[in-house]
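One structure is given here, and the rest of the page talks about it.
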Amino acid sequence: QVVNYAPFTLLPSAVPRALFEQAYAVQQDFNLLVDAVSQNKEFLERTLASTIKVDNFTARLFRIYMQVLEEGVAQTVFLGINRSDYMFDCGLDGTAALRQIEINTIAASFGGLTSRTADVHRLVLKVLGKTEEAARLLPNNPAKGLALGIAKAWELYGSQSAVVMFLVEEVQRNIFDQRCVENELWNRNIRVLRKRFRDVSEQGSLDASRRLYVDGQEVAVVYYREGYVPQVYDQQNWEARLLLERSRAVKCPDIATQLAGTKKVQQELSRPGTLEELLPGHPEAIARIRATFAGLYSLDQGEEGDRIAATAIADPDRFVLKPQREGGGNNLYGEELREVLEKIKDSPERTSYILMDKIKPQPALNYLLRAHSPLRVSECISELGIFGVYVRQGRELVLNQAAGHLLRTKATEHADGGVAAGVAVLDTPYLV
Ligand code: ADP
Ligand code: MG
């Protein structure tokens, strides 16, 4: 085993207080929205219709979704853990605006490790003689907040002897992040198993009422920390995924909620009228949600798509081109965006992407500390994530909360990529 420290900034980064508070204030609305999308078959079908024609991975997920619906959903308790990510867009007049980058509805990570970063930065500031500044860093404990949601779902499942199963990667590169959440569950006397898809296919089964058993133990909650990239799925793992989705166990997320987190859905949500359709009777939530949207554009076949494709080819630095992928490092920028779009602009392949306005934050200097990397000052930008957790029993939302925050910072020389991709590092907001 090889162990490295998690990468982090030497100093906390300045974050405008008003935008930080805005991000927290809209989180329950986003929870509500994701949950509503996940329950709206007609919307998911319509929205993803063009995508699944050309994107095999989304198509495969969608097929499982339909299969589970046809059989009848056995699960009655639903648990969502998401993270809504934002950047601070710097306007021409120098004022910053909160702009959502995306919402992660599966395997949203770093809630565990970031429960420790404020302590690190508090110490650094004290060493520098900045005691007052150190005292201003906010407490932050997403690990506890996420565990609270998992524990609630476990309790509502209603079997004392059932366990929580973390579905983890084949090669575990972020185990300590997960352990922080796991330990919170053990503290509540809830048993936790760590299993891979492969283990599920070898040791998993359903009984007549579709209760899930793995390695002889009944599973109340499946918490996916894996399963969002196509590369992990061979035929056997697809079958394991289907088994899990068919089961009565609470999946975090269920397959509908994973689909609700696709970039295509995000783009459709920004269309005038869509939020009103999905959240009738919630005009204030809709206004808060919409205020965080950046420009998002469909590349579906037709006049609208032709027009925006031509605009992006003419001025690629205004946009980001995004495929239906998660995990960082998949988006295209600048010249590369132009080349790819030029190549696919007349083919159906175009519809597997969306276009988004490029957010341009004001850079600041910091030191990025990463194992085995030289230490030097970098020009950096930050991305703020707010964790959301909710639990629904049948049609009733019994828990809906913001569960803490994550600040990730990267050097401006990298257009894309998160902490796992080796680009961004953990940070702590210093509110200004
Ligand atoms: P992924 O699902 O791969 O995490 P994201 O949409 O979060 O995809 O994009 C990955 C990274 O690319 C982000 O963390 C951010 O650094 C950068 N990025 C994404 N969208 C934009 C945008 N509209 N403007 C500027 N940077 C962006
Ligand atoms: Mg992301």
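The values are calculated or read from the model by the stated rules, or taken from the named source; none is laboratory data. A quick note: this is a predicted structure, and the numbers were derived from the prediction, not measured. Virtual Cβ from ideal backbone geometry, glycine too; neighbours counted across all protein chains shown. In case anyone asks, the SASA skips ligands and DNA or RNA and just uses the protein heavy atoms, side chains included. Shrake-Rupley method; radii C 1.70, N 1.55, O 1.52, S 1.80 Å.
Looking at the stretch 68-88, I want the residues that are within 16 Å of ligand 2 (Cβ to nearest atom) and have a partner that is part of a strand (DSSP E or B) and among the aromatic types (Phe, Trp, Tyr) with Cβ atoms under 6 Å, at least 6 apart or on another chain. Which pairs are those? Listed pairs, sorted by first residue: 83/387. Evaluating residue 417 against the criteria (1) assigned by the TED database to the domain that holds residue 157; (2) buried (at least 18 other Cβ atoms within 10 Å of the Cβ); (3) within 16 Å of ligand 1 (Cβ to nearest atom) leaves one unmet condition, (2).
Taking the condition over 14 Å from residue 116 (Cβ atoms) and buried (at least 20 other Cβ atoms within 10 Å of the Cβ), does residue 147 pass?
yes
Looking at this structure, is residue 146 under 18 Å from the mean Cα position of the chain (by Cα) and either within 30 Å of residue 38 (Cβ to Cβ) or more than 16 Å from ligand 1 (Cβ to nearest atom) (or both)? Yes.
Checked against (1) within 16 Å of ligand 1 (Cβ to nearest atom); (2) assigned to a loop (DSSP other than H, G, I, E, B); (3) of a type in the set (A, V, I, L, M, F, W, C), residue 97 passes all but condition (2). No other residue among 363, 429 is in contact with an Asp or Glu (Cβ under 6 Å, 6 or more places away or on another chain) and more than 10 Å from ligand 1 (Cβ to nearest atom) apart from 363.
Restricting the stretch 327-341 to residues that are more than 7 Å from ligand 1 (Cβ to nearest atom) and open to solvent by less than 50 Å² (accessible area, probe 1.4 Å), which is nearest to the chain's Cα centre (by Cα)?
332
Specify the residue that is nearest to ligand 1 (Cβ to nearest atom); the eligible residues are those in the stretch 63-94 that are at pLDDT 95 or above and of a type in the set (D, E, K, R). So that I can check it myself, show each step before the final result.
Initial filter on the stretch 63-94 (at pLDDT 95 or above): 63-90.
Filter once more, keeping what is of a type in the set (D, E, K, R): 63, 70-71, 83, 85, 89.
Numbers: 63: 22, 70: 29, 71: 30, 83: 10, 85: 6, 89: 8 Å.
Out of the qualifying residues, it is 85.
For beta carbons closer than 7 Å, sequence separation of 6+ or different chains, a first residue in the stretch 343-362 that is touching a residue at least 60 places away in the same chain (Cβ under 8 Å) and a second that is acidic (Asp, Glu), the qualifying pairs are 351/300; 352/55; 359/89; 360/89; 361/89.
Okay, residues lined up against (1) touching a helix residue (DSSP H, G or I) at 6+ places or on another chain (Cβ under 6 Å); (2) farther than 17 Å from residue 404 by Cα; (3) free of Cβ contacts under 8 Å to residues at least 60 places away in the same chain; (4) not small (Gly, Ala, Ser):
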position	(1), (2), (3), (4)
112	yes, no, no, no
123	no, yes, yes, yes
127	no, yes, yes, yes
132	no, yes, yes, yes
140	yes, no, no, yes
145	no, no, no, no
148	no, no, no, yes
155	no, yes, yes, yes
163	no, yes, yes, yes
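Test residue 265 against the criterion of being within 12 Å of ligand 1 (Cβ to nearest atom) and either touching a helix residue (DSSP H, G or I) at 6+ places or on another chain (Cβ under 8 Å) or in a strand (DSSP E or B) (or both), and give yes or no.
So residue 265 fails the test.
The residues of the stretch 369-383 that are within 14 Å of ligand 1 (Cβ to nearest atom) and more than 21 Å from the chain's Cα centre (by Cα) amount to a single one, 380.
Within the stretch 232-242, can one find any residue that is assigned by the TED database to the domain that holds residue 152 and crowded, with 19+ Cβ neighbours inside 10 Å? If you could, list the steps in order and put the result at the bottom.
Residues of the stretch 232-242 that are assigned by the TED database to the domain that holds residue 152, as a first pass: 232-242.
Checking which are crowded, with 19+ Cβ neighbours inside 10 Å leaves us with 240-241.
Yes, that holds for at least one residue.
Given the criteria surrounded by fewer than 19 Cβ atoms within 10 Å (Cβ to Cβ) and within 12 Å of ligand 1 (Cβ to nearest atom), does residue 318 qualify? Outline the logic, then answer.
On the way: surrounded by fewer than 19 Cβ atoms within 10 Å (Cβ to Cβ): yes; within 12 Å of ligand 1 (Cβ to nearest atom): yes.
Yes: the conditions hold for residue 318.
Quick check, is residue 248 part of a loop (DSSP other than H, G, I, E, B), at pLDDT 95 or above, closer than 30 Å to residue 207 by Cα and open to solvent by 10 Å² or more (accessible area, probe 1.4 Å)? Yes, satisfied. Residues that are open to solvent by less than 40 Å² (accessible area, probe 1.4 Å), within 16 Å of ligand 2 (Cβ to nearest atom) and touching a Ser or Thr at 6+ places or on another chain (Cβ under 6 Å): does the stretch 106-123 have at least one? Among the residues of the stretch 106-123, not one is open to solvent by less than 40 Å² (accessible area, probe 1.4 Å), within 16 Å of ligand 2 (Cβ to nearest atom) and touching a Ser or Thr at 6+ places or on another chain (Cβ under 6 Å), which makes the answer no. Scanning the stretch 420-432 for residues that are more than 13 Å from ligand 2 (Cβ to nearest atom) and either within 30 Å of residue 75 (Cα to Cα) or open to solvent by 20 Å² or more (accessible area, probe 1.4 Å) (or both) gives 422, 430, 432.
Could you please let me know if residue 159 is within 16 Å of ligand 1 (Cβ to nearest atom), open to solvent by 10 Å² or more (accessible area, probe 1.4 Å) and polar (S, T, N, Q)?
Numbers: within 16 Å of ligand 1 (Cβ to nearest atom): no; open to solvent by 10 Å² or more (accessible area, probe 1.4 Å): yes; polar (S, T, N, Q): yes.
Taking the combined requirement at face value, the residue does not satisfy it.
Over 30 Å from residue 164 (Cα atoms) and assigned to a strand (DSSP E or B): is that true of residue 85 in this structure? Reasoning before the result, please.
Details: over 30 Å from residue 164 (Cα atoms): no; assigned to a strand (DSSP E or B): yes.
Answer is no for this residue.
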